[in-house]
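Chemist: This is the structure I want to talk about, given as structure tokens.
The values are calculated or read from the model by the stated rules, or taken from the named source; none is laboratory data. Here the structure is a predicted model, which is why all the values come from computation and not from measurement. When we count neighbours, we look across all protein chains shown, and the Cβ atoms used for this are built from the backbone with ideal geometry, even at glycine. The area values use the complete protein model at the heavy-atom level, side chains included, leaving out ligands, DNA and RNA. Shrake-Rupley method; radii C 1.70, N 1.55, O 1.52, S 1.80 Å.
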Amino acid sequence: MSHPELYPIGDAARRSGLSVSAVRFYADAGVVPPTSVNDAGHRMYDIDAIARLELVRTLRELDTDLDEIRRLLGGGTTLHDLLTAHLAIVEGQERTLRARRAVLRTLIRQGATPAQADLLHKLVSMTDEEREDAVDAFWNDVGAGLDVPEGFVDRLRSMRPVLPPEPTADQLEAWIELADLVADPAFRDAVRAYLRDAYSAPEARALATEPYQDFIHDSGGPLMAELLAAHRAGESPRSPRARHAATRFLEAATALAGTPLTPEVRERMADGYLRVPELMRWIAEEEAASSAPVYGDTHGRYLALVARINGTEAEADATALPYAWIAEAVRAGEPAPGGSAR
């Protein structure tokens, strides 16, 4: 019967990557006892014991508790279960480090005070439930007594941030800013004032009703995307594809007001699209000269931060839309059967 090769403690330490004192400590702690002791009283280790020492070194580098290691080596748990538990711990540590990095970047960029640093740390440490409560509290305050059509504030409330389980630094920074804003009474008042001013006129109130909001945020989006896809493909606004897409969009839009899509309506809407760039310039000038809350600093800022947190595309830059191209597609009308352009 052959005897396993035995190694003195110095060789066992070298092969396992531990110090001699560490090997001696794990032996005295009953974690990895020596295989035998020679006549001179020196501890000796076989290859299996050395492999166990290597495993102990790896687990200790992962900050595994010594009692957990002892249970594993004693058969009280499996390596798979132990590693699975520690993977969860490491992933949690990773999320914490990402949050700390976001806090540090924000503090450096903003030149924050110690009090602000403490606040930012609390913001990124919020639970999912606390984040939901913060957003709900914001919209409860904004919507309280706001004279807008029923359901409009609930629609706004539904556009909320959802921080993913493994957020990027940019998403965390956006959440820090948003959480700070929704807790700021001045920002709440500004959003409330903007919504009140934007939807106070009768024609604007209609845009806040459920049918129009459904069209703006749900059904109308794919129809406009279909039209813009033809533009991105380099097609003429008078191509069958562009004209058909424009007609589908117009039919859905005019149906909201119960208005038939006549040539006169087409001409009026085409003229409206041509006027949009000039109107937007006028609005920008008015907002720059006004002391009243504006979209980009209030509700628009909220939506932009939500888009960053959720990892979704922000609303397309309205100034970059091809209004003249859209106007021509609108004016051209539905292509004749066969699909030939006029």
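Chemist: Which one is right for this structure if mean projected area of the Cα convex hull in nm² is calculated from it: (i) 19.7; (ii) 30.8; (iii) 16.0?
Modeler: (ii)
Chemist: Here's another thing I want to ask about it. As an exercise, use a Förster radius of 41 Å and the Cβ-Cβ distance of residue 248 and residue 81 to find the FRET efficiency, rounded to the nearest 0.05.
Modeler: 0.10
Chemist: If you don't mind, there's one more thing I want to ask. Ranking request for peptides 61-73, 255-267: highest mean number of other beta-carbon atoms within 10 Å first, then the rest in descending order.
Modeler: On the way: 61-73: 14.6, 255-267: 12.2.
Peptide ranking by packing, descending: 61-73, 255-267.
Chemist: Just to confirm the number: angle between the C-alpha axis of helix 128-143 and the first principal axis of the chain, 0 to 90 degrees, nearest 10?
Modeler: 20 degrees
Chemist: GluC sites (Glu not before Pro), restricted to the range 140-202: which are DSSP loop and have at most 11 other Cβ atoms within 10 Å? Don't skip to the end; give the middle numbers.
Modeler: Numbers: sites: 150, 173, 177; in loops: 150.
Counting only loop positions with at most 11 other Cβ atoms within 10 Å, the GluC sites (Glu not before Pro) in the range 140-202 are 150.
Chemist: Quote the FRET efficiency, to the nearest 0.05, computed for residue 288 versus residue 113 with a Förster distance R0 of 41 Å and r equal to the Cβ-Cβ distance. Please report the intermediate quantities before stating the final value.
Modeler: On the way: r = 31 Å, r/R0 = 0.75.
Here the calculated transfer efficiency is 0.85.
Chemist: What number comes out for accessible area per residue over the chain if the probe is 1.4 Å? Units Å², please.
Modeler: 57 Å²
Chemist: With a 1.4 Å probe and all protein chains left in place, how much of the accessible area of the chain comes from carbon and sulfur atoms, in whole percent?
Modeler: Of the solvent-accessible surface of the chain, carbon and sulfur hold 55 percent.
Chemist: Next up: Take the chain, connect every pair of alpha-carbon atoms lying under 10 Å apart with a spring to form a Gaussian network, then pick out the residue of 34, 240, 211 with the largest mean-square fluctuation.
Modeler: For the chain, modelled as a Gaussian network with Cα springs under 10 Å, the answer is 34.
Chemist: Hey, with R₀ at 45 Å, roughly what FRET efficiency would residue 257 and residue 94 work out to, going by the Cβ-Cβ distance, to 0.05?
Modeler: Rounded to the nearest 0.05, the efficiency is 0.30.
Chemist: Hey, can you rank 19-27, 272-280 by average C-beta count inside 10 Å, highest first?
Modeler: 19-27, 272-280
Chemist: Can you give the calculated 222 nm mean residue ellipticity of the chain, where each DSSP H run of n ≥ 4 adds -39,500 (n - 2.57) and the sum is split over every residue, rounded to the nearest 500 deg cm²/dmol?
Modeler: Mean residue ellipticity, 222 nm, calculated: -20500 deg cm²/dmol.
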